[in-house]
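Chemist: Let me give you the structure first, and then I'll get to my questions.
The values are calculated or read from the model by the stated rules, or taken from the named source; none is laboratory data. Here the structure is a predicted model, which means the values were calculated and not measured. For neighbour counting, all protein chains shown are included, and Cβ atoms are generated from backbone atoms with ideal geometry for every residue, glycine included. All accessible areas refer to the heavy atoms of the entire protein, side chains included, with ligands and DNA or RNA removed. Shrake-Rupley method; radii C 1.70, N 1.55, O 1.52, S 1.80 Å.
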Amino acid sequence: MRYWLMKSEPDEVSFADVLAAPGKTVAWFGVRNYQARNFMRDQMEVGDGVLFYHSSCAVPGVAGIARVASGAYPDASQFDPDSHYFDPKATREQPRWISVDVTAVAEGRYLPLTEMRGVAALEDMVLLQKGSRLSISPVTKGQWDKVLELMGVSISAT
């Protein structure tokens, strides 16, 4: 089992939106970075843990815990000319961008980025590295456990 931090802008898809979605599951769409896409395509597996992170907002931070609920599949937004995520070079025969579904598992206490920066056990987290802008990044088991502890979340398996 692997663990991931996945960033979403809450005005586009918030953790509350995931909790309110049918089956508490949404498609993770709009990733337009090759490294993040490759994580989804090549390494994510159903059942992997997800720290659902709110970015580009007043108080960025981990808003909830989710799990990867599907294998990778073509991101439909790349084919929609009316979408902000449209990619004219993508074709249905050779899609360039990937989605996975994520399912909400637990909400817990909102964990702000500013608080995370002060936790020694998280100092090596990709999110906290200078210049890190990836929308999806791997998280170690130790980092995962510490974030869950800070959020007051106890789950047996994601």
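Chemist: Please go through the range 7-60 and pick out each residue that is of a type in the set (A, V, I, L, M, F, W, C) and in contact with a Leu (Cβ under 7 Å, 6 or more places away or on another chain). Let's see the steps before the verdict.
Modeler: Taking the range 7-60 and keeping what is of a type in the set (A, V, I, L, M, F, W, C), we get 13, 15-16, 18-21, 26-29, 31, 36, 39-40, 44, 46, 50-52, 57-59.
Of everything in the range 7-60, those that are of a type in the set (A, V, I, L, M, F, W, C) and in contact with a Leu (Cβ under 7 Å, 6 or more places away or on another chain) turn out to be 36, 51.
Chemist: Considering only residues of the range 93-107 that are aliphatic (A, V, I, L, M) and open to solvent by less than 40 Å² (accessible area, probe 1.4 Å), which is farthest from residue 22 (Cα to Cα)?
Modeler: So the first thing to find is which residues in the range 93-107 are aliphatic (A, V, I, L, M), and the list is 98, 100, 102, 104-106.
Of the ones still in play, those that are also open to solvent by less than 40 Å² (accessible area, probe 1.4 Å) are 98, 100, 102, 104, 106.
Numbers: 98: 21, 100: 16, 102: 12, 104: 11, 106: 15 Å.
Once the filter is applied, the top-ranked residue is 98.
Conditions tested, residue by residue: (1) in contact with a Phe, Trp or Tyr (Cβ under 8 Å, 6 or more places away or on another chain); (2) closer than 15 Å to residue 4 by Cα.
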{"residue": "73", "(1), (2)": "no, no"}
{"residue": "80", "(1), (2)": "yes, no"}
{"residue": "102", "(1), (2)": "yes, yes"}
{"residue": "105", "(1), (2)": "no, yes"}
{"residue": "109", "(1), (2)": "no, no"}
{"residue": "118", "(1), (2)": "no, no"}
{"residue": "128", "(1), (2)": "no, yes"}
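Chemist: Let me ask you something else. Might you let me know whether the range 72-80 holds any residue that is among the small types (Gly, Ala, Ser) and within 13 Å of the chain's Cα centre (by Cα)?
Modeler: Here is the first cut: in the range 72-80, the residues among the small types (Gly, Ala, Ser) are 72, 76-77.
With the extra rule that they be within 13 Å of the chain's Cα centre (by Cα), the set shrinks to none.
No, the conditions are met nowhere in the range 72-80.
Chemist: A follow-up question, please. Determine which member of the set 90, 121 is surrounded by 14 or more Cβ atoms within 10 Å (Cβ to Cβ) and assigned to a helix (DSSP H, G or I). Talk me through it step by step, then tell me what you get.
Modeler: Numbers: 90 fails: assigned to a helix (DSSP H, G or I).
Criteria check complete, one pass: 121.
The rows are residues; the columns are (1) open to solvent by 60 Å² or more (accessible area, probe 1.4 Å); (2) in a loop (DSSP other than H, G, I, E, B); (3) in contact with a His (Cβ under 7 Å, 6 or more places away or on another chain).
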| position | (1), (2), (3) |
| --- | --- |
| 26 | no, no, no |
| 31 | no, yes, no |
| 42 | yes, no, no |
| 56 | yes, yes, no |
| 78 | no, no, no |
| 109 | yes, yes, no |
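Chemist: With at pLDDT 95 or above, over 20 Å from residue 144 (Cα atoms), open to solvent by 40 Å² or more (accessible area, probe 1.4 Å) and not polar (S, T, N, Q) as the only criterion, which of 72, 21 stands out? Full working, then the answer.
Modeler: Details: 21 fails: open to solvent by 40 Å² or more (accessible area, probe 1.4 Å).
Just one listed residue meets the conditions, 72.
Chemist: Let me ask you something else. With modelled with pLDDT under 95, open to solvent by less than 40 Å² (accessible area, probe 1.4 Å) and among the small types (Gly, Ala, Ser) as the only criterion, which of 132, 137 stands out?
Modeler: Working: 137 fails: modelled with pLDDT under 95.
When all the criteria are applied, what remains is 132.
Chemist: Sticking with this structure for a sec: List pairs: first residue in the range 73-87 and over 15 Å from residue 12 (Cβ atoms), second residue surrounded by 14 or more Cβ atoms within 10 Å (Cβ to Cβ) and basic (Lys, Arg) anywhere in the structure, Cβ distance under 9 angstrom, at least six positions apart or on different chains.
Modeler: 74/96; 78/32; 78/96; 87/32; 87/96
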